[in-house]
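Student: Here it is, the structure, as structure tokens.
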Amino acid sequence: MVDETHDAQRKCWVAGADGHLEFPIQNLPLGIFSTPGDAPRGGIAIGERVLDISAARAAGLFDGEARVAAELAAGPTLNQLLAAGPAARNALRRRVSQILSDPAYAPLAPRMLHGAESCQMHLPLDVHNFSDFFAGIHHATTGGMINRPDNPLMPNYKYVPVAYHSRASSVRASGTAVRRPNGQRKPPDQAAPDFGPSRALDYEMELGVWIGEGNDLGMPIPIGSAGRHIAGLCLLNDWSARDIQSWESAPLGPFLAKSLMTSVSPWIVTAEALEPFRIAQPPRPAGDPAPLPHLLDDHDQAQGGFAIEFHVSLLTPAMREASEAPHRLSVSHASMLYWTVAQMIAHHTSNGCNLLPGDLLGSGTVSGTQPGSEGCLLEMTRGGRNPITLPNGEMRTYLQDGDEVIFSARCEAPGAVPIGFGECRGVVMPALRL
């Protein structure tokens, strides 16, 4: 529910927080940070600073349910806090919002606030499982047309939120460099595959979903209550080696082309912070089948989407050397997703599969229908056939060593203070020589 923590008139005594493009007091995302010489622990982003939850707790600023929630956030991961459910997160959020809006607490700033530039961000959760969906229909259609012009979408696409089980062990926080993978490649003009560095390394702009409360094995989550299990969202880069992927995917789908690494933005923008940015799921095109009953809920159709705009930028070594700003490659929107997050959760558990606190879901690449709204280079260059030209004259079909990919996003809605996610970025490192 929208409450006093979303009030556009609420001001914060932390310098620079009011009007901050990403982390005003109306956001208050959760993360795990450390300062030099100290252990990782829970924090909350506010402007260009990080609120140390443990330090605020030691100062006696929490009581009741908020105190319990602060204790759950004191360790090196936020799994326990997310497992406690929405009430615990909301109690912590409301109390922190109260503290940061009351100037009487400003004298405690030296004890509980750290400059963001001095903090190292870590993965916010111990990721048990990572499932990656394929809910971006425009990405699915364009990618399918590149490989199957006469049959771009599989028959099940509009009935099933298609997904595959990806690799949790290689999920990393933003800023971690990605190593170009080696693998088997078979270009069309070769009779047999060879082994070597990927020649078609790509990014995928996705929405990441953090699971809070889980479910027992054998007990599906009904579509009507699936939203309760969304703890928060992040930005997700599903790094993809397209040449390895095209060779290995038949018949069981992606494997080594995707498991090299997955980057996530380190702050969890909570479900509570996102309440003002809920929107209706766009109606399906005429002729498309309605979701089956276990995937259809009126409230989810009316409120299951998110007003989130995604930006993808590229910084090449030459641009970095010339002190040039990153070049924006594309802009897309979460409303382009064919399935809601609640539908993904309901489908994931419909066979009784159990989700765990800290599980990560990827939405699939979020792309639009217009040039400049593609969520990956595969679409933008039509499988490498149409190179793009950057403002400095450089050309790209896929990523080159030293390229840095930067994701950002912004939530906007009438009457609400805009909020952001922080960046999800990574530099491509050369492949190991084997």
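The values are calculated or read from the model by the stated rules, or taken from the named source; none is laboratory data. The shown structure was predicted, so the numbers you read here are calculated from the model rather than taken from an experiment. Glycine gets a Cβ as well: all are built from the backbone with ideal geometry, and neighbour counts include every protein chain shown.
Student: Determine the pairs where a residue that is part of a helix (DSSP H, G or I), located within region 48-64, has a partner that is exposed (fewer than 14 other Cβ atoms within 10 Å of the Cβ) and not aromatic (Phe, Trp, Tyr) with Cβ atoms under 6 Å apart, the partner being 6 or more residues away or on another chain.
Tutor: Pairs found: Ala55/Arg111.
Quick grid of which residues meet (1) among the charged types (D, E, K, R); (2) touching a residue at least 24 places away in the same chain (Cβ under 8 Å); (3) surrounded by fewer than 19 Cβ atoms within 10 Å (Cβ to Cβ):
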position	(1), (2), (3)
Met205	no, yes, no
Gly227	no, yes, no
Gly232	no, yes, no
Pro251	no, no, yes
Leu256	no, yes, yes
Val269	no, yes, no
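Student: Going residue by residue through region 402-421, is there one that turns out to be over 23 Å from the mean Cα position of the chain (by Cα), modelled with pLDDT of 95 or more and either within 17 Å of Ile146 (Cα to Cα) or crowded, with 23+ Cβ neighbours inside 10 Å (or both)?
Tutor: no
Student: Also, quick follow-up: Among the residues of region 192-221, write down those that are charged (D, E, K, R) and closer than 20 Å to Leu123 by Cβ. Outline the logic, then answer.
Tutor: Going residue by residue through region 192-221, those that are charged (D, E, K, R) are 194, 199, 202, 204, 206, 213, 216.
Correct list: Glu204, Glu206, Glu213.
Student: Given the conditions (1) within 16 Å of Ala271 (Cα to Cα); (2) part of a helix (DSSP H, G or I); (3) among the small types (Gly, Ala, Ser), and given that Ala45 satisfies all but one, which numbered condition is not satisfied?
Tutor: (2)
Student: Here's another thing I want to ask about it. So is Leu378 in contact with a Lys or Arg (Cβ under 9 Å, 6 or more places away or on another chain), at pLDDT 95 or above and not in a loop (DSSP other than H, G, I, E, B) or not?
Tutor: Numbers: in contact with a Lys or Arg (Cβ under 9 Å, 6 or more places away or on another chain): yes; at pLDDT 95 or above: yes; not in a loop (DSSP other than H, G, I, E, B): yes.
Yes, satisfied.
Student: Let me ask something else. Taking the condition of being at pLDDT 95 or above and closer than 20 Å to Gly375 by Cβ, how many residues in region 238-273 meet it?
Tutor: Counting residues in region 238-273 that are at pLDDT 95 or above and closer than 20 Å to Gly375 by Cβ gives 18.
Student: Let me ask something additional. For Gly37, only one of the following conditions fails: (1) on the phi > 0 side of the Ramachandran plot; (2) crowded, with 19+ Cβ neighbours inside 10 Å; (3) of a type in the set (Gly, Ala, Ser); (4) more than 23 Å from the chain's Cα centre (by Cα). What is its number?
Tutor: Among (1) on the phi > 0 side of the Ramachandran plot; (2) crowded, with 19+ Cβ neighbours inside 10 Å; (3) of a type in the set (Gly, Ala, Ser); (4) more than 23 Å from the chain's Cα centre (by Cα), the lone unmet condition for Gly37 is (2).
Student: Limited to region 308-333, what total is found for residues that are surrounded by fewer than 21 Cβ atoms within 10 Å (Cβ to Cβ), within 19 Å of Val366 (Cβ to Cβ) and hydrophobic (A, V, I, L, M, F, W, C)?
Tutor: Number satisfying all stated conditions: 1.
Student: For His6, only one of the following conditions fails: (1) within 21 Å of the chain's Cα centre (by Cα); (2) surrounded by 17 or more Cβ atoms within 10 Å (Cβ to Cβ); (3) closer than 23 Å to Pro276 by Cα. What is its number?
Tutor: All conditions are met except number (1).
Student: Applying the selection to region 12-27, what residues are out of contact with any Pro (no Cβ under 9 Å at 6 or more places or on another chain) and either surrounded by fewer than 21 Cβ atoms within 10 Å (Cβ to Cβ) or within 20 Å of Pro110 (Cβ to Cβ) (or both)?
Tutor: Val14, Ala15, Gly16, Gly19, Ile25
Student: Confirm whether Ser263 is of a type in the set (S, T, N, Q), surrounded by 17 or more Cβ atoms within 10 Å (Cβ to Cβ) and farther than 24 Å from Met1 by Cβ.
Tutor: Working: of a type in the set (S, T, N, Q): yes; surrounded by 17 or more Cβ atoms within 10 Å (Cβ to Cβ): yes; farther than 24 Å from Met1 by Cβ: yes.
Yes, satisfied.
Student: Let me ask another. Going residue by residue through region 346-367, is there one that turns out to be in the same structural domain as Gly305 (by TED's automatic domain parsing), among the hydroxyl-bearing types (Ser, Thr, Tyr), surrounded by fewer than 18 Cβ atoms within 10 Å (Cβ to Cβ) and in a loop (DSSP other than H, G, I, E, B)? Break it down into steps so the answer makes sense when it comes.
Tutor: First, pick out the residues of region 346-367 that are in the same structural domain as Gly305 (by TED's automatic domain parsing): 346-367.
Remaining after also requiring among the hydroxyl-bearing types (Ser, Thr, Tyr): 349-350, 363, 365, 367.
Those still in the list that are surrounded by fewer than 18 Cβ atoms within 10 Å (Cβ to Cβ) too: 350.
Those left that are additionally in a loop (DSSP other than H, G, I, E, B): 350.
Yes, some residue in region 346-367 is in the same structural domain as Gly305 (by TED's automatic domain parsing), among the hydroxyl-bearing types (Ser, Thr, Tyr), surrounded by fewer than 18 Cβ atoms within 10 Å (Cβ to Cβ) and in a loop (DSSP other than H, G, I, E, B).
Student: Looking only at residues that are assigned to a strand (DSSP E or B) and not aromatic (Phe, Trp, Tyr) in region 207-225, which one is surrounded by the fewest Cβ atoms within 10 Å (Cβ to Cβ)?
Tutor: Step one: list which residues in region 207-225 are assigned to a strand (DSSP E or B), which gives 207-211.
Then drop every residue that is not not aromatic (Phe, Trp, Tyr), which leaves 207-209, 211.
Working: Leu207: 25, Gly208: 26, Val209: 23, Ile211: 27.
Taking the candidates together, the pick is Val209.
Student: Here's another thing I want to ask about it. Do any helices (runs of 4 or more DSSP H) lying entirely in region 86-183 carry at least 3 residues that are modelled with pLDDT under 95, and which ones are they? Give the steps one after another, and end with the answer.
Tutor: Details: elements: 86-101, 109-112, 137-147.
Answer list for region 86-183: 137-147.
Student: Of all residues in region 76-85, which are over 24 Å from Cys424 (Cβ atoms) and either among the aromatic types (Phe, Trp, Tyr) or in a loop (DSSP other than H, G, I, E, B) (or both)?
Tutor: Of region 76-85, the ones over 24 Å from Cys424 (Cβ atoms) are 80, 83-85.
Passing the criteria: Ala84, Gly85.
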